[in-house]
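**Student:** What follows is a single structure, and I will ask about it in a moment.
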Amino acid sequence: MTPRPLGAWRAGVALVAFRARRYLPGGVPWALVQILPLFTGLLLQAVFDRVSGAQPAYASGLGLLAVLVAVETARGGMLWTGIAVWPGWWLRVGAWIRSNVLESLLCDPGPPVTRLPASPGEAIGRLRDDVDDLIRFVDIWVDIAGAVVFAAAALAVMARISLPLTLVTIVPLAAVLVASRALTWMVRRSHERMRERGSSVTGMIADLFAGVLALKTAGAEGRALARFEAGNASRRRAAVRAQLAVSLLQTVSGAGAQLATGLVLLLAAGAMRQGTFTVGDLALFTSYLVALSNVPRWLGRVLAGHREAEVALRRLGHLQPDRRPEGVLARRPAASAGPPEPREPLRRLEVRGLTARHPGSGAGVFDVDLTIEAGTLTVVTGVVGSGKTTLLRALLGLLPAEAGSIRWNGVPVPDPGAFLVPPRVAYAGQVARLLSATLAENVALGWPAAERDLLAALRAAQLADDLAEMPAGLDTVIGSRGSRLSGGQLQRAAVARALVRTPDLVVLDDVSSALDHATEERLWRALAGSGLTCLVASHRPAALVRADRVVVLERGRVAARQSLPLASRQTATAVSPSAGSGSRASSTEREVGPPNERT
């Protein structure tokens, strides 16, 4: 039986249950703020009846006024108490949801690339705005709970005084509720459009900051700003429409209370002439109608908040492996840095029939077989667009695979994305992803590595000489995305990040394209002589001549493969061509041989 999808109401109950001990004490003051006008109306009735009587009792009237002041003071105290206590629930629940989303993206099975939005800015928008929308929906519950209690008690008191006048107040409010329900679809649609436009602008801002140098060199500053202004104008229009929809809903809600107040004033005149309706009764009705006018408004806000919460749940659910929002509210155990998981050292990694393609273009890799022996350097080569990067990313579970199997020492790997990670496998991609932090923090990236381990990894990555020229050494702040390092330094820092994890298998994707010939030669010589098991995607001669095995891809399929004996590698090393000499195809052919000899 298919489980019922998580809706906004069930999600709200889960939010309350997560921190019920904070939600209830923090919500009671807000509910009392809505309930206390019940006593205010009763006191006003008593005061006006005393003052307007034939023989007013001024002393008693003043006493009642003192009690009225005390009640209103208590209401103000409840308000400030709620303001002080309520963030303890709000902030904790927000942190819980956001940590769940991040943990799901990082740790749950399946390639995270299939769940991430199109831009980092949109992901940030979902973590910020959609989580707030979901919490705000539950936040309203305490207000509406107090308003409903007040409404029930107030209508009972009013009915005892005059049932016809009470019915007059109910009919317009009921009509307002029906109209508000009909307007909620407009709120949902406009709110969803506003969130989409806002996320787009946030992503555009992130891209502008990240691409300042590219925009300057291309002379595209004006066009970039024009595009930003157009996107911001679209977001502004969507935000105005969303606010208009919510304001219209609240205006319709308030109109019923004003209509009810007018009808009561018209009908009360006749009752007062007949002596069945006193001045105190009129004061009570007027006071209650002011507070009752908030009930439709709160109900309207609940209806609007329900639509907004549904949009938020759907957008957050897209970040989950199964596209269902249940994982957003999961009770995950707290992560702990325990002892490392025991692992069996790599002897052989086997890939059979691996097929993965990109949904947009249909390009990818098809029916690829690959065997990697421990202690060897395997190079996957081919022209640009042949599928080298796709093969590595699909093998590591970073892209979804349509078919194929992976075996680690003969044991099937059901989820490569969770299994082929440090300390088993470390990966350095084509683009070095560095943060605005120190060099040490970027290389370690949370890994428990001592300073000597960091220095050893930097030496193996041929970055030791560059480090010696940095005055701050490992504490050098490299700037946003490594903007203070050269392209070659960025690539070598990424290699050092992989090596510091001392993995069984190092996977490198074209990590020497920005290096000069001498540095590139030293890097591949160090990797080939380190005894590490390496899987490399590269067309660089310096890597090819030191390979134990070369696999040639052509249009996503294995076109040739060759195992090179040690003597051949040594000879090839001695006569290796300089980096960049000749075309990529000719360099591959010189190392692997013509196609008819390789197959």
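**Student:** When the residues of segment 561-575 are narrowed to those that are outside any loop (DSSP other than H, G, I, E, B) and within 13 Å of T378 (Cα to Cα), which ends up modelled with the lowest pLDDT? Walk me through it before giving the result.
**Tutor:** Narrowing segment 561-575 to residues outside any loop (DSSP other than H, G, I, E, B): 561-563, 566-574.
From what's left, within 13 Å of T378 (Cα to Cα): 561-563, 569.
Values: R561: 84, Q562: 82, S563: 76, R569: 47.
Residue satisfying both the conditions and the ranking: R569.
**Student:** Separate question: Report yes if A403 is touching a residue at least 40 places away in the same chain (Cβ under 8 Å) and either among the aliphatic types (A, V, I, L, M) or touching a strand residue (DSSP E or B) at 6+ places or on another chain (Cβ under 9 Å) (or both), otherwise no. Walk me through how you get there before you give the answer.
**Tutor:** Details: touching a residue at least 40 places away in the same chain (Cβ under 8 Å): yes; either among the aliphatic types (A, V, I, L, M) or touching a strand residue (DSSP E or B) at 6+ places or on another chain (Cβ under 9 Å) (or both): yes.
Considered against the rule, which asks whether it is touching a residue at least 40 places away in the same chain (Cβ under 8 Å) and either among the aliphatic types (A, V, I, L, M) or touching a strand residue (DSSP E or B) at 6+ places or on another chain (Cβ under 9 Å) (or both), A403 comes out as yes.
**Student:** Hey, another quick one. Kindly indicate the residue of segment 64-86 that is in contact (Cβ under 8 Å) with a residue 12 or more places away in the chain and not aliphatic (A, V, I, L, M) and also nearest to L396 (Cα to Cα) among those meeting that condition.
**Tutor:** As a first pass, look at segment 64-86 and keep what is in contact (Cβ under 8 Å) with a residue 12 or more places away in the chain: 64-65, 67-68, 71-72, 74-75, 78-79, 81-82, 85-86.
Keeping just the survivors that are not aliphatic (A, V, I, L, M) gives 72, 75, 81-82, 86.
Details: E72: 65, R75: 60, T81: 53, G82: 50, W86: 45 Å.
Top of the filtered list is W86.
**Student:** Filtering segment 1-18 down to residues that are surrounded by 12 or more Cβ atoms within 10 Å (Cβ to Cβ) and part of a loop (DSSP other than H, G, I, E, B), which residue is modelled with the highest pLDDT? Can you show your working first?
**Tutor:** Pass one, segment 1-18, residues surrounded by 12 or more Cβ atoms within 10 Å (Cβ to Cβ): 5-16, 18.
Next cut, part of a loop (DSSP other than H, G, I, E, B) only: 5-7.
Details: P5: 68, L6: 76, G7: 84.
Per the stated criteria, the residue is G7.
**Student:** Output the residues belonging to segment 341-367 that are within 18 Å of P423 (Cα to Cα), of a type in the set (A, V, I, L, M, F, W, C) and assigned to a loop (DSSP other than H, G, I, E, B). Before you say what the answer is, go through the steps one by one.
**Tutor:** First, the residues of segment 341-367 that are within 18 Å of P423 (Cα to Cα): 341-349.
Filter again for of a type in the set (A, V, I, L, M, F, W, C), leaving 346, 349.
Selection gives L346 alone.
**Student:** Hey, among D133, D129, which residue is under 18 Å from W9 (Cβ atoms) and either touching a residue at least 24 places away in the same chain (Cβ under 8 Å) or not hydrophobic (A, V, I, L, M, F, W, C) (or both)? Step through it out loud before you land on a result.
**Tutor:** Details: D129 fails: under 18 Å from W9 (Cβ atoms).
Exactly one residue qualifies, and that residue is D133.
**Student:** Oh, and also: Any residue in segment 361-375 that is closer than 15 Å to V536 by Cα sitting within a Cβ distance under 9 Å of a residue that is of a type in the set (S, T, N, Q)? List the pairs, counting only those 6 or more apart or interchain.
**Tutor:** Note: pairs meeting the criteria are L370/T378; T371/T378; I372/T378; I372/T533; E373/T533; A374/T533; G375/T533.
**Student:** Same structure, new question: Would you check if there is a residue in segment 430-438 being at pLDDT 90 or above and small (G, A, S)?
**Tutor:** no
**Student:** Still on this structure, please answer the following. For segment 88-119, name all the residues that are within 15 Å of G26 (Cα to Cα) and touching a residue at least 40 places away in the same chain (Cβ under 8 Å).
**Tutor:** Looking only at segment 88-119, we keep the residues that are within 15 Å of G26 (Cα to Cα), and these are 88-93.
G88, W89, W90, R92, V93, listed by residue number.
**Student:** Just one of (1) hydroxyl-bearing (S, T, Y); (2) touching a Leu at 6+ places or on another chain (Cβ under 8 Å); (3) under 27 Å from A464 (Cα atoms) trips up T376, so point out which.
**Tutor:** Result: T376 fails condition (2) only.
The values are calculated or read from the model by the stated rules, or taken from the named source; none is laboratory data. Because the structure is predicted, anything quoted here is derived from the model rather than measured. Every residue, glycine as well, gets a Cβ built from its backbone with ideal geometry; the counts of neighbours run over all protein chains shown.
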